[in-house]
Amino acid sequence: MTKRKRKLTPERKLEKERRKNEFMYVFMNGKQVRVKRPPMIDGIPVDEFIRNNADPIWLHQNEMWELIEDTEPGQSDSCSHVVDSDTDFENPIT
């Protein structure tokens, strides 16, 4: 006769659920290994969430310059068309 399998106690059931949410199993070198899950925001990895939702100012403040996209062809930089009206660079006074 075989032993009857006992049900998990409520504490062990909660611990099992916590471990399941915190860790995942992957294969490394032919062995199954438990590793921490990557952090998620609303089910999306953090890097992808930042890439989709961050504005250029926030990216610059947090030194994520590689994620800042160049301006679109139809747009121009706000500083590119500013001209100082007091200075005449075409005809300098000598």
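Long-range amide H contacts for PHE23: which residues qualify at under 5 Å (H placed 1.01 Å from N, peptide plane, sequence gap of 5 or more or a different chain)?
ARG37
Could you calculate the FRET efficiency of LEU14 with LEU67 from 1/(1 + (r/R0)^6), where r is the beta carbon distance between them and R0 is 25 Å, rounded to 0.05?
0.05
How far apart, in nanometres, would the label points at ALA54 and ASP42 be if each is projected 7 angstrom from Cα along the Cα-to-Cβ direction?
Rounded to a tenth, the inter-label distance reads 1.7 nm.
Please report the net charge: other residues with Cβ closer than 11 Å to the Cβ of MET40, K and R +1, D and E -1.
-2
Read the figures in this text as sums done on the coordinates, not as results from a lab. Bear in mind the structure is a predicted one, so any value in this text is a computation, not a measurement. Neighbour counts are summed over all protein chains in view; Cβ atoms, including those assigned to glycine, are modelled from backbone coordinates with ideal geometry.
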